[in-house]
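Quick notes on the structure that follows.
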Amino acid sequence: MNWTFPAGRLFGISLRVHWILPISIAIYYAQAVSRSGIWGLEWMTVTTLIYLVSVLIHELAHCWMAIGLGGHAEQIVLWPLGGLSFVHHSGAPRDQIKVSVVGPLADLLIAAAAAGILLLTHAPWSWDYLNPFGEWWPYPLTTAQGFVLHALKLNLIIGLFQLCVPAYPLDGGQMLVAWLTLRYGRQRAAVVNSFIAFPIGGALAVWGFAIGDFFLGLIGVWVLFEAYQIRQLARWGDLDAHPAFAQTPEFDYMPDREKPRRKGWLARWRERRHERARAREAQGAAALREEVDAILDKVSRVGLGGLTAHEKRILDEASKRSRGEP
Ligand SMILES: [Zn+2]
């Protein structure tokens, strides 16, 4: 990947860092120190560590799941918008969903562990700890507990954001693309993804830049760019060129079209009613036939004159029916 430098290996996986990451960390350091002096330095060091470790655990979860499914992990790249893991696996949408979901789950696990530490160290509990939009530090906590709370909130926000925003290339979006591919085939999955991702990307970009969260705005732009690219490749019939679809060319079909449509409840109720009516009619006809047989038997024994008025009426009715009269 361009603009990155190697930063060693982690559990056998090559780690690279994008140049913009240290530059933006340096800018944040300068801002924090000029605002709060030594405390700013301390704060930046601990929060940067929390951030980097959290991102690495998230990416390692993706890598380990891919390896566990028989694939392999090529490298992890750290950049200002988080991490990117380059993994290969069977390419089956089901495997992609598993690889994508474990990243945000790892974040939520770290958040739960941080909440556990706060409870175990007798921090006065507040439900606001779990509110991503709440204050990050006005609580009566020790400095160490304050940093644990920081880890809790950061991982809760990243985990929920990655899991719940269904826009590629966020993890939730990758899961959506895989699910759509499984259900509707590759081509339709690409088109539907773009329909969903365009408004989400636009909203994130506008909102991010409006509230001054530069990186959220950039994530919005990134989502827009990917949605546009996928839409174009789908139009040109060239989805093999995109990493989200390249591994699944066997899903070039629309399984939905071939499935017979299930009948609605009204149609099923009508069908059942007709069946019951037909059964009743058949029963009535069988009963009549039996009666007629018995009467004809009597005629052969005692002659027509021996029949009662009721028996004559039944014969009459049976002969009408056999001629098709009502
Ligand atoms: Zn992820």
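Each residue of the stretch 28-39 was assigned a 3J(HN,Hα) from its phi angle through the Karplus expression (A = 6.51, B = -1.76, C = 1.60, θ = phi - 60°), giving 4, 4, 4, 4, 5, 5, 5, 7, 10, x, 4, 4 Hz with x at Gly and Pro. The alpha-carbon of residue 98 sits under 30 angstrom from the alpha-carbons of these lysines, leaving out residues fewer than 8 places away in its chain: 153, 259.
Paramagnetic label reach from residue 81 (point 7 Å along Cα→Cβ; backbone nitrogen cut-off under 19 Å): within the stretch 20-43, residues 20-25.
Taking amide H as placed 1.01 Å from N in the peptide plane, residue 74 has its amide H under 5 Å from the amide H of 86, 87, 88, each at least 5 places away in sequence or on another chain. Note on the stretch 44-192: semi-axes of the ellipsoid equivalent to its C-alpha gyration tensor, largest first and rounded to whole Å, are 33, 16, 12.
The share of alpha-carbon pairs in the stretch 77-163 lying farther apart than 18 Å comes to 51%. Normalised by 2.2 N^0.38 Å, with N the number of residues, the alpha-carbon radius of gyration of the stretch 92-134 equals 1.61. Summing Cβ point charges (Lys, Arg +1; Asp, Glu -1) relative to the Cα centre of the stretch 183-304 gives a dipole of roughly 740 debye.
With R₀ fixed at 22 Å, the C-beta to C-beta distance from residue 252 to residue 218 puts the FRET efficiency at about 0.10.
Around the Cα centre of the stretch 1-150, unit charges on the Cβ atoms of Lys, Arg, Asp and Glu (plus for the first two, minus for the last two) sum to a dipole of about 260 debye.
Dipole orientation for the chain: of the candidates 132, 283, 37, 283 has the Cα lying most toward the positive pole (charges on Cβ; Lys, Arg +1; Asp, Glu -1). In the chain, a dipole from Cβ-located charges (positive for Lys and Arg, negative for Asp and Glu) runs towards its positive end, and of 25, 157, 96 it is 96 whose Cα lies farthest in that direction. Model label points for residue 30 and residue 315, set 7 angstrom from Cα along the Cα-to-Cβ axis, are 11.8 nm apart.
For the stretch 306-319, 3J(HN,Hα) computed residue by residue from phi via the Karplus equation (6.51, -1.76, 1.60; θ = phi - 60°) reads x, 7, 7, 4, 4, 5, 5, 4, 5, 4, 4, 4, 5, 6 Hz, glycine and proline entered as x. Each principal axis of the Cα atoms in the chain has its own extent, and those three values, largest first, are 126, 54, 40 angstrom. The mean of 1/r over all distinct Cα pairs in the stretch 265-322, once inverted, gives the Kirkwood hydrodynamic radius of 13.4 Å. In the elastic network of the chain, a GNM with C-alpha springs shorter than 10 Å, the most mobile of 106, 282, 115 is 282.
Go ahead and run the numbers for FRET between residue 90 and residue 137, Cβ-Cβ distance against an R0 of 45 Å, rounding to 0.05.
Numbers: r = 45 Å, r/R0 = 1.01.
Once rounded, the FRET efficiency stands at 0.50.
Its Cα centre serving as origin, the chain has a Cβ charge dipole (Lys and Arg +1, Asp and Glu -1) of approximately 1540 debye. Its residue count N fixes a reference of 2.2 N^0.38 Å for the stretch 166-259, and the Cα radius of gyration divided by that reference is 1.13.
Using the average count of surrounding beta-carbon atoms within 10 Å as a protection proxy, the listed peptides 300-311, 212-223 rank, highest first, as 212-223, 300-311.
Set the Förster radius R0 to 56 Å, insert the Cβ-Cβ distance between residue 241 and residue 281 as r into 1/(1 + (r/R0)^6), and round the FRET efficiency to 0.05. Kindly include the intermediate steps, with their values, before the conclusion.
Details: r = 65 Å, r/R0 = 1.15.
Efficiency at R0 = 56 Å is approximately 0.30.
Over the chain, what is the percentage of antiparallel beta bridges among all DSSP beta bridges, to the nearest 5? Working shown, then result.
On the way: 12 of 16 bridges.
That works out to approximately 75 percent antiparallel.
With the highest mean first, a sort of the peptides 142-154, 185-197 on other beta-carbon atoms found within 10 angstrom per residue produces 185-197, 142-154.
Coordinate-derived values only; no laboratory data. Only a predicted model underlies this, so the values are computations on that prediction, with no experimental measurement involved. So basically every Cβ, Gly included, is an ideal-geometry build from the backbone, and we count neighbours across all protein chains shown.
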